[in-house]
1. Within region B:150-158, does at least one residue satisfy the condition of being touching a residue at least 40 places away in the same chain (Cβ under 8 Å), within 18 Å of B:Asp290 (Cβ to Cβ) and open to solvent by less than 30 Å² (accessible area, probe 1.4 Å)?
2. Just the residues that are within 14 Å of chain B (Cβ to nearest Cβ) and more than 26 Å from A:Ser195 (Cα to Cα), please, taken from region A:70-103.
3. Looking at this structure, is B:Glu108 surrounded by fewer than 24 Cβ atoms within 10 Å (Cβ to Cβ), acidic (Asp, Glu) and not in a helix (DSSP H, G or I)?
4. Going through region B:133-155 one residue at a time, which ones are within 20 Å of B:Pro68 (Cβ to Cβ) and either within 14 Å of chain A (Cβ to nearest Cβ) or part of a loop (DSSP other than H, G, I, E, B) (or both)?
5. Tell me, yes or no, whether region B:75-88 has at least one residue that is touching an Asp or Glu at 6+ places or on another chain (Cβ under 8 Å), open to solvent by 50 Å² or more (accessible area, probe 1.4 Å) and among the charged types (D, E, K, R).
6. Pairs under 7 Å by beta carbon, first residue open to solvent by less than 20 Å² (accessible area, probe 1.4 Å) in region A:6-35, partner aromatic (Phe, Trp, Tyr), six or more apart or different chains?
7. May I ask you to list the residues in region B:200-211 that are open to solvent by less than 10 Å² (accessible area, probe 1.4 Å) and either at pLDDT 85 or above or more than 10 Å from the chain's Cα centre (by Cα) (or both)?
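The values are calculated or read from the model by the stated rules, or taken from the named source; none is laboratory data. Keep in mind the model is a prediction, meaning the values are calculated, not measured. Note that each Cβ is placed from the backbone with ideal geometry, even for glycine, and that neighbours are counted across all protein chains shown. Remember, those area values only see protein heavy atoms, side chains included, never the ligands or the DNA or RNA. Shrake-Rupley method; radii C 1.70, N 1.55, O 1.52, S 1.80 Å.
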Number of protein chains: 2
Amino acid sequence: MCAKPSSSPVSPLAPKTFPDMPEIPGVRVAATCAGLKKSGKIDLLLVEMAPETCAAGVFTRSLTASAPVRWCRKALKGGPGGAQAQGLVVNSENANTFTGPAGEQAVERIVEAVADLLSCRPSRVFTASTGVIGKPLDDGKIIAALPALQEALAPDAWDMAARAIMTTDTFPKAATRTAEIGGVQVTINGISKGSGMIHPDMATMLAYVFTDATLPADVLQELLEVVVDKSFNAITVDSDTSTSDSLMLFATGAGKSHPQVRAFDDAALDDFKAQLLDLCIDLAHQIVRDGEGATKFLTITVDGAETDAAAKRIALTIATSPLVKTAVAGEDANWGRIVMAVGKAGQQVDTDKLAISIGGVAIAEDGGLLPGYDETPVALHMKGQEIDFHVDVGIADGTATVWTCDLTHGYIEINADYRS
Amino acid sequence: MCAKPSSSPVSPLAPKTFPDMPEIPGVRVAATCAGLKKSGKIDLLLVEMAPETCAAGVFTRSLTASAPVRWCRKALKGGPGGAQAQGLVVNSENANTFTGPAGEQAVERIVEAVADLLSCRPSRVFTASTGVIGKPLDDGKIIAALPALQEALAPDAWDMAARAIMTTDTFPKAATRTAEIGGVQVTINGISKGSGMIHPDMATMLAYVFTDATLPADVLQELLEVVVDKSFNAITVDSDTSTSDSLMLFATGAGKSHPQVRAFDDAALDDFKAQLLDLCIDLAHQIVRDGEGATKFLTITVDGAETDAAAKRIALTIATSPLVKTAVAGEDANWGRIVMAVGKAGQQVDTDKLAISIGGVAIAEDGGLLPGYDETPVALHMKGQEIDFHVDVGIADGTATVWTCDLTHGYIEINADYRS
């Protein structure tokens with residue numbers, strides 16, 4: 001028996017309920033307490049997928065990436081038919097990062113044990129570890145827990161699956177969507193985790209998305225790379241990049257038969273693309289809503305930039321500014337700090353045209369405070385939980401939206417004493 | 001009469017006493033309360049310099065730079081003999097930034113009033129404003145205070161001068177050095193301010209350095225650009241860049257006669273260079289020691305990088321990581337977060353050679369935790385006020401040292417409620 005989920009406070013920005021997750025034909029999940037977390041809470045996830053499942057993934061750009069990330073990159077190269085997957089094993093509590101050759105060997109032993117269990121090649125097993133960096137991973141505990149986990153595999157244990165990968169998260173994160181491919185309905189389920197060390201390229205996050213559609217690995221990979229840019233790579237909590245970030249997409253092909261999709265630009269994929277992006281934005285928002293110490297959810301849209309990339313750079317500079325984030329925490333409509341952040345982004349700005357609004361109320365236009373600006377409605381907006389900043393930098397048509405949370409005492413409390 | 005300095009708590013990292021500042025021939029200073037600070041504390045500094053004074057300056061790279069910064073850049077272009085200076089006027093409380101044409105006009109009126117008072121051309125008057133962004137500056141209050149300020153000019157009022165430019169600073173910052181040029185002694189005095197919005201290129205800081213040496217403007221400019229890189233541009237408090245950052249160096253030529261210096265690489269300048277760098281590092285350290293909410297002073301040295309610039313990039317990435325800074329606040333020797341920060345810096349790292357030590361104690365070598373690592377002495381070091389990190393990334397000989405402070409509840413308290 002594993003320890004019950006703690007009754008410690010949940011983020012005030014958390015969704016009211018865990019979504020009602022349907023089954024995904026070809027996917028079974030199970031979670032247990034392998035003893036990595038001293039608390040006895042669940043810390044190990046196993047996913048079994050149908051033999052024909054295709055896989056895609058994007059990973060952290062950290063140059064000190066974890067041993068599991070390096071394994072996944074290698075395994076994703078797959079055979080001539082592209083990457084295939086039958087198993088996924090994820091542990092929390094220990095990141096298996098900066099653990100030298102012993103860390104690599106631990107990954108190999110875990111992957112081989114899962115491959116034995118699921119009767120597949122090791123290159124069809126993907127893995128991730130999240131938690132403390134630099135501590136040897138006790139893979140023996142993981143391997144010992146696997147047979148019972150296999151026994152427990154079930155198509156509906158999504159809540160447990162989402163809980164098994166939590167670290168400082170205060171709630172389990174999941175989302176589901178349906179899409180049509182050539183008039184046939186397919187389902188997409190996703191789970192994610194992350195709360196601190198959250199920043200693009202990528203967040204300190206893990207996210208796994210599963211669909212019963214039949215899609216080749218190269219199409220999945222292209223889908224993922226497009227979608228990540230406007231979802232997981234458009235969020236930041238604390239500007240720190242993890243060594244373990246992983247986003248993977250698996251297509252089991254075990255759903256209803258639909259017209260074959262051969263290429264990314266096939267029109268039959270349009271609805272699937274839209275639903276996948278929507279699901280990934282949902283999962284990314286849940287990570288921000290569980291930002292360490294977060295009390296406000298902040299949407300920052302920048303228009304009028306030289307390019308979309310420039311707009312995103314400016315928006316992220318605002319989103320990562322500690323002065324902006326503490327002002328939001330203090331419910332202070334301190335738009336001067338937005339001006340500061342715009343200035344330090346290193347992107348073209350026409351200061352004579354710069355316009356700023358908060359909560360839909362125009363504050364500054366044409367490079368200065370609007371005459372007769374009344375802070376009352378903006379101050380009221382700042383007291384809410386959902387805060388909106390809009391900035392126009394007056395150069396061209398580049399636009400981007402990013403999401404973040406405020407920087408509060410809670411962040412300091414969580415992070416000044418994480419290991420003890 | 002101005003209000004007395006507040007008795008609110010001073011940073012625990014502050015120097016024990018204000019330095020004993022000598023006079024600089026050719027420099028007189030005065031400070032008063034012009035009524036910009038509601039508290040009635042001093043908020044306006046006037047410096048008068050000898051007519052032959054040469055000037056140099058480096059300023060923020062922000063694209064939303066303040067009106068005073070734009071004025072100084074223009075005035076520094078000077079005449080055929082290089083930039084000259086006779087007046088410097090600095091106000092705190094209001095940054096005169098994002099204030100449109102009205103802000104420009106305020107600068108012009110202030111500069112003209114000072115030029116009238118000191119009987120010099122407006123282009124010999126430099127200015128800065130520091131405080132809240134986006135609020136019109138009441139230059140009338142400043143201009144009205146100038147005649148009495150002129151009356152009060154004195155060669156020894158350095159403590160008042162340093163206090164006049166404080167914003168969220170908890171102590172006035174000053175340093176003095178003597179140097180020899182061709183066997184003749186010259187003096188260098190400096191004052192600085194800054195506490196939040198502190199980050200290279202540059203810190204949110206003002207710093208003014210004065211010497212009685214006789215040095216041409218082009219040599220001063222080259223000196224400043226070399227020195228800033230290893231002092232003010234090697235500190236960070238919160239990664240935010242100000243719109244008002246200014247560092248200026250003035251040489252009055254009113255000291256003892258010394259052999260003429262014509263070029264930056266003149267060997268007679270060697271001691272002056274060393275002393276100027278030492279003074280600027282001292283002033284920069286004082287800014288970090290007054291970092292908003294700081295309780296620990298952190299020195300980060302990175303060796304073994306591809307270049308010195310790469311080493312600085314890695315060191316600053318460690319220094320700006322909220323997870324590293326909160327771990328230091330929590331006295332937690334969480335070296336795994338150093339690994340994370342090294343990984344996200346985007347510079348070459350040999351993970352099989354990466355070595356980390358804290359407080360002189362080796363923790364990791366050759367890409368992994370040292371066998372038998374005992375955290376006891378490191379934990380003790382983390383309880384001190386002066387924390388040292390050393391990282392070797394195992395590529396080549398690039399090296400850099402940067403300084404920062406921890407991220408604490410105090411930072412949040414100060415910044416969540418700055419305007420109210």
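1. Yes, there is a match, as at least one residue in region B:150-158 is touching a residue at least 40 places away in the same chain (Cβ under 8 Å), within 18 Å of B:Asp290 (Cβ to Cβ) and open to solvent by less than 30 Å² (accessible area, probe 1.4 Å).
2. Hits for region A:70-103 are A:Gly100, A:Pro101, A:Ala102.
3. no
4. Listed by number, the residues that qualify are B:Ile133, B:Gly134, B:Lys135, B:Pro136, B:Leu137, B:Asp138.
5. No.
6. A:Ser11/A:Phe171; A:Leu13/A:Phe297; A:Ala14/A:Phe171; A:Ile24/A:Phe210; A:Val27/A:Phe210; A:Val29/A:Trp158
7. Across region B:200-211, the qualifying residues are B:Leu206, B:Ala207, B:Tyr208, B:Val209, B:Phe210, B:Thr211.
Conditions (1) without any contact (Cβ under 8 Å) to a residue 60 or more places away in the chain; (2) within 14 Å of another protein chain (Cβ to nearest Cβ), marked per residue:
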| position | (1), (2) |
| --- | --- |
| B:Asp245 | no, yes |
| B:Met248 | no, no |
| B:Lys256 | no, no |
| B:Asp270 | yes, no |
| B:Leu276 | no, no |
